[in-house]
Amino acid sequence: MNREEFLEILNIQLQGEIPSNQISQHLAYYNYFIQQKVDQGQPEAQVLEELGDPRLIAKTLIDTEDIPNIQGYRQSYSYSAEESNPKASSQNSQGSFQEDDFQKDARQPDSIHRLDLTTWRGKLAVIAAVVLLSVLLALLIGALLPVAGVFLLVAIVVSLINRRR
């Protein structure tokens with residue numbers, strides 16, 4: 001496997017699982033990392049062997065995407081400007097790495113939306129949902145109470161009439 005195949009497999013495995021802007025950052029980072037090791041004299045095949053299977057790397061990136069933002073843990077990946085800017089990385093064997101090589105459509109909106117209950121927006125959404133359900137339940141009970149009252153009153157009257165007979 002060469003660098004292009006490694007990056008393509010990683011890209012394919014990440015598509016639809018995490019936001020496209022993060023995919024681009026990961027691809028740029030791994031391209032930069034591989035290039036730096038090659039520039040230091042390490043053979044590309046050895047660097048790729050040390051990195052391991054790109055499918056496993058993708059699974060790890062996807063799994064860590066689901067970890068909630070807790071104090072002291074940074075969920076978002078932060079690469080340096082040089083690492084995340086593909087144009088700043090060195091040339092590979094087939095020319096410079098281009099972000100477009102690994103991103104099918106940059107204008108496609110991210111399809112992953114998760115409700116993060118550790119943020120004020122997430123908590124507000126849960127509170128709003130509970131209030132809405134409470135109001136709907138109160139309205140339902142309020143609408144059914146008069147009907148139930150009428151049935152109860154009729155049942156009492158019928159019961160009294162039956163006793164007198």
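The values are calculated or read from the model by the stated rules, or taken from the named source; none is laboratory data. Every value quoted in this text rests on a predicted model; they were computed, and no experiment measured them. Here the Cβ positions follow ideal geometry from the backbone for every residue, glycine too, while neighbour counts run over all protein chains shown. The protein model used for the area step is the full one, side chains on, heavy atoms only, and it has no ligands, DNA or RNA in it. Shrake-Rupley method; radii C 1.70, N 1.55, O 1.52, S 1.80 Å.
For (1) at pLDDT below 90; (2) part of a helix (DSSP H, G or I); (3) within 30 Å of GLU65 (Cα to Cα), each residue gets a yes or a no:
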{"position": "ARG121", "(1), (2), (3)": "yes, yes, yes"}
{"position": "ILE127", "(1), (2), (3)": "no, yes, yes"}
{"position": "LEU132", "(1), (2), (3)": "no, yes, no"}
{"position": "VAL135", "(1), (2), (3)": "no, yes, no"}
{"position": "LEU139", "(1), (2), (3)": "no, yes, no"}
{"position": "VAL154", "(1), (2), (3)": "no, yes, no"}
{"position": "VAL157", "(1), (2), (3)": "no, yes, no"}
{"position": "ARG163", "(1), (2), (3)": "yes, yes, no"}
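Within the range 141-152, the set of residues being open to solvent by 70 Å² or more (accessible area, probe 1.4 Å) and either hydrophobic (A, V, I, L, M, F, W, C) or at pLDDT 95 or above (or both) comprises ILE141, LEU144, LEU145, VAL147, VAL150, PHE151, LEU152. When the range 155-164 is examined, which residues are found to be over 57 Å from the mean Cα position of the chain (by Cα), of a type in the set (A, V, I, L, M) and open to solvent by less than 90 Å² (accessible area, probe 1.4 Å)? ILE156, VAL157, VAL158, ILE161 - these are the residues of the range 155-164 that are over 57 Å from the mean Cα position of the chain (by Cα), of a type in the set (A, V, I, L, M) and open to solvent by less than 90 Å² (accessible area, probe 1.4 Å). If you go through the range 113-128 and keep only what is exposed (fewer than 12 other Cβ atoms within 10 Å of the Cβ) and among the charged types (D, E, K, R), you end up with ARG114, ARG121.
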